[in-house]
There are 6 protein chains.
Amino acid sequence: MTNTPGRKPPPSGKPVSASQSELTDMILPNDANPLGNALGGAIMHLVDLAAAIAAHRHSGLPVVTASMDHMDFLCPIHVGDIVVLKSSVNRVFRSSMEVGVKVFREESVTNRRQHCSSAYLTFVSIDSSGRPQICPPVVPDTREEKRRYREAGTRRQQRIQHVNKRSVK
Amino acid sequence: MTNTPGRKPPPSGKPVSASQSELTDMILPNDANPLGNALGGAIMHLVDLAAAIAAHRHSGLPVVTASMDHMDFLCPIHVGDIVVLKSSVNRVFRSSMEVGVKVFREESVTNRRQHCSSAYLTFVSIDSSGRPQICPPVVPDTREEKRRYREAGTRRQQRIQHVNKRSVK
Amino acid sequence: MTNTPGRKPPPSGKPVSASQSELTDMILPNDANPLGNALGGAIMHLVDLAAAIAAHRHSGLPVVTASMDHMDFLCPIHVGDIVVLKSSVNRVFRSSMEVGVKVFREESVTNRRQHCSSAYLTFVSIDSSGRPQICPPVVPDTREEKRRYREAGTRRQQRIQHVNKRSVK
Amino acid sequence: MTNTPGRKPPPSGKPVSASQSELTDMILPNDANPLGNALGGAIMHLVDLAAAIAAHRHSGLPVVTASMDHMDFLCPIHVGDIVVLKSSVNRVFRSSMEVGVKVFREESVTNRRQHCSSAYLTFVSIDSSGRPQICPPVVPDTREEKRRYREAGTRRQQRIQHVNKRSVK
Amino acid sequence: MTNTPGRKPPPSGKPVSASQSELTDMILPNDANPLGNALGGAIMHLVDLAAAIAAHRHSGLPVVTASMDHMDFLCPIHVGDIVVLKSSVNRVFRSSMEVGVKVFREESVTNRRQHCSSAYLTFVSIDSSGRPQICPPVVPDTREEKRRYREAGTRRQQRIQHVNKRSVK
Amino acid sequence: MTNTPGRKPPPSGKPVSASQSELTDMILPNDANPLGNALGGAIMHLVDLAAAIAAHRHSGLPVVTASMDHMDFLCPIHVGDIVVLKSSVNRVFRSSMEVGVKVFREESVTNRRQHCSSAYLTFVSIDSSGRPQICPPVVPDTREEKRRYREAGTRRQQRIQHVNKRSVK
């Protein structure tokens, strides 16, 4: 079972909606420095959790984090803020999945959401002894989902080149 | 500013969608007993958080829990399970809000959601010195939202009677 | 083995004192909102823990929360406050137990306790595969314990009616 | 204001009962190593909390830990065990208090308590800028309380000698 | 005060040793999934903490996370494992610092360390109202430190290009 | 296998460097009282963790805390402070190890370390069913390590006398 680009996904494929997840949380004092700024690590922890939930929903299997791409923290988040994380599986590469996560901070009076971070994580689905397991492919439906599917392929190429470059050195 | 039943809500009213919240989480070992059953208190903690987020979104103010109605735990939840909590403000009574929360447990392979608990909580919106603050009324839109709005009024009467009965004793 | 009111409890019954528990804790920053008010969910978590300890002491078995009755938060609790929770099993209904919990907040200078909440929870004792197990009955001794035993029967009737009413709908 | 032994305590003295505290808790997975043995540090954390509550109840002031005497762990404690900590202030030395704490582990079926640890901690009561504040003396009442009061004096001498010996070196 | 490459750092520069940090921790059950694999997010949380400590040591100021570069999880980490994180500031760009972090897992019998992850994070030093503050430059000393200093400049160029590419779209 | 003083340690002995550990952490709000002073119990928890890591590194086996000697808190530690704990095994007595831990608080601007606490803990190495296991002896190398080795023997005598005195009573 392969799912290289251009090949029609097998019937067992799942739509993106099967993995779409929304995680809402409130920043507590232990997630912040003494000035009240959320620790980057606390946000990354939530990002990984939101991505793990999407990967688990898609694969129906235990999952482990294999990598996280570059992530920027575009706006400060404070103690007491509501944060919303939206995640979904963009594409499957045999036993690994690229998951996209967006982090929003919510302004209290206006309910307006401010985009704080985007992240792409790779998860691998495993069995109970830790061996990688093949996942059903993603079947992108909307224009947006198809763009993400396509770009996930490009990002995967870059990750492979990046690893090769380092191992050549 | 009052919002007794039958009276048209003032223009500053907010739709139910303004407070609708979805909170997804994974049950960790510390949320469970040694057999792996989620502690009731860990679920209640999430229920209160989901409700507080909805109440905060509706009011745009700090909120505190005033009460929680009877809550049943209809199905066991285990370590590693994904739980989803959906919450929204059903109705406002001056500075207090009734928030409804539904708790679902998600089956991993089928992604089917099992309904585990329903809860109605009352929150009060306050200013920074703890004094109650008037909230914008809820403007129910769908048939379902209107039923919840109406029933929230009945539940409030029951809560008031319940308090009176106890104080007469 | 039944333990309907009016029937003499079997010799294996246990006194209320066997389950009486006292749990004292200090409210930490993560249990509170940014204004320093204890989260309702943090208090509920402690209430469930205090009740679980009493239920476990009475039954000598693992226990799980089946329900919590309506609970009011009568006074604000703050970061740094000492809270005291008193719990005991009021009555047994085969494999389920009604546990009463009272929450007090302690004033620091006077040591005076302020009553903040009362809650009635139902726990079920289970074996290691989750099957309900019959518990020894409670043998109420003092006038107060007998009143609680009697009222627990009334509350149980109300809970059953409440469930029936919902399932008829 | 001094409270040397033999001198009648000033009227503002408080009985031992004013500080007697009971803290009950359940050991959760994060408090234990992978074999399920409670971490010594998790128990020490509870011991310090139980002592701080007693010291705070006695003094009505914020308190900080100044020292803990030698402490043995006499019996293994496991995940899921109920632990009970009993604490009270034995004696006051101006702004410092000796607090005694006993740790028990509870056997689930028999409810029998096993004595696991005893500890003596010294706390100092402070004002909001951290300066030591004089505490009311302890007025021991029972034979047992008087013995502890007397022995607290001996232990204090040993602590002072211990510090002197080190600083001479 | 600027510290562009090629320019001799001002005398107030600090050596790399001033920020070198070592953080050792044990993986607890709540940091892992039910199979006992450490959550990626728990490791990222530690990575951010190790980096924040190095950045704080270098700058002597509060710091906030601005970004984290791509990070791979090269080996599984389990509950009970000892992890060691080594971090130091590679280079300063006015108010931002690149911090390098290496994560090791320690084999228990042999004490051999296995390299699990490398990460580059950017931190910004701020004053108490959140405004960026200029940091002292890093003065690399060893051959290895000079290589990291040089490569940090290259990575910064890539980050800037990456941001520009996205904003052009 | 015995390792009484004066006897040459068997070849399987390990140098002190095999167990030397450094643990760095940042004090978070939940580790402190409302005035921002780190709780003594939070520091003890870190001390036990630092000691457990050293004992585990030396023995390559699971370890449990058997005792902690008198510990003073010599300087206040605050929320946001960086604390550094250094630990190593001083000497082995069959299946038990004396571990020394030093706690430092780091001044942010100067990076100067202030010595806050010293502690001696005894750990026992066990197998998976909790039975004590013989550990390899410590081979002290430097003058300082030899002094600690010698003094650990004296402290052990005092601990044994202390236990005997109590059991005679």
Length-normalised contact order of chain E in % [C-alpha pairs under 8 Å, at least 6 apart]: 27
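Can you give me the convex hull volume of the Cα atoms of chain D, divided per residue and expressed in Å³?
That works out to 146 Å³ per residue.
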Per the axis that maps chain F onto chain C, nearest residue of F (Cβ criterion) and its distance in Å: F:29, 2
Backbone HN-Hα couplings from phi across segment D:27-35 [Karplus 6.51/-1.76/1.60, Hz, Gly and Pro as x]: 6, 9, x, 5, 8, 9, 7, x, 7
Over 25 Å (Cα to Cα) - which of B:165/C:14; C:14/D:146; D:146/F:165; E:14/E:146; C:14/C:102 fall in this group: B:165/C:14; C:14/D:146
Alpha-carbon radius of gyration plus Dmax, which is the widest Cα pair, for segment B:46-104 in Å: 12.7, 40
Charge dipole of segment D:8-88 about the Cα centre (unit charges at C-beta), most positive-ward option of D:71, D:54, D:42: D:54
Under-5 Å amide H pairs with residue B:77, H placed in peptide plane, nonlocal only: B:38
For residue F:118, inter-copy label distances in nm, listed shortest first [label point 7 Å out on the Cα-Cβ vector]: 2.8, 4.0, 5.7, 5.7, 6.6
Angle in degrees between helix D:40-59 and the longest Cα principal axis of chain D, rounded to the nearest 10: 40
Value of D in µm² per second that Stokes-Einstein yields for the protein assembly as shown, Kirkwood Rh from Cα pairs, at 4 °C (1.567 mPa s): 42
Separation of alpha-carbon centers, segment E:37-116 and segment D:45-97, rounded to whole Å: 35
Nearest-10 value in Å² for the accessible area of residue A:98, using the 1.4 Å probe: 0
Three semi-axes of the equivalent ellipsoid, segment E:112-169, Cα gyration tensor, whole Å, largest first: 25, 20, 15
From phi via Karplus (6.51, -1.76, 1.60), per-residue ³J(HN,Hα) for segment A:12-26 in Hz, x at Gly/Pro: 6, x, 10, x, 4, 4, 5, 10, 4, 9, 10, 10, 10, 8, 10
Helix B:143-168 vs. chain B, principal-axis angle (Cα, 0 to 90°, nearest 10): 80
Surface accessible to a 1.4 Å probe, residue F:165 within the full protein complex, Å²: 140
Mean ellipticity per residue at 222 nm, deg cm²/dmol - from DSSP H runs of n ≥ 4 across the protein assembly as shown, formula -39500 (n - 2.57): -9500 deg cm²/dmol
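Which whole-number value in Å² is the accessible area per residue of segment B:24-130, probe 1.4 Å?
I get 30 Å² per residue for this part.
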Sulfur and carbon atoms: percent of accessible area, the protein assembly as shown [1.4 Å]: 54
Semi-axis lengths, Å, segment F:84-136, gyration tensor of Cα atoms, sqrt of 5 times eigenvalues: 32, 10, 7
Heavy atoms of residue C:68: accessible area, 1.4 Å probe, square angstrom to 10: 0
Phi to ³J(HN,Hα) by Karplus 6.51 cos²θ - 1.76 cosθ + 1.60 over segment F:79-93, Hz, x for Gly, Pro: 3, x, 5, 8, 10, 10, 10, 10, 9, 7, 7, 7, 6, 10, 10
Exercise: per-residue mean of other protein chain Cβ atoms within 10 Å, A:111-123: 1
Total accessible area lost when E and F pair, probe 1.4 Å, Å² to nearest 100: 1700
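The values are calculated or read from the model by the stated rules, or taken from the named source; none is laboratory data. As the structure is a computational prediction, the values presented were derived from the model and not from experiment. Positions of Cβ are backbone-derived with ideal geometry, glycine not excepted, and every protein chain shown enters the neighbour counts. Please note that ligands, DNA and RNA were not included when accessible areas were found on the heavy atoms of the full protein model with its side chains. Shrake-Rupley method; radii C 1.70, N 1.55, O 1.52, S 1.80 Å.
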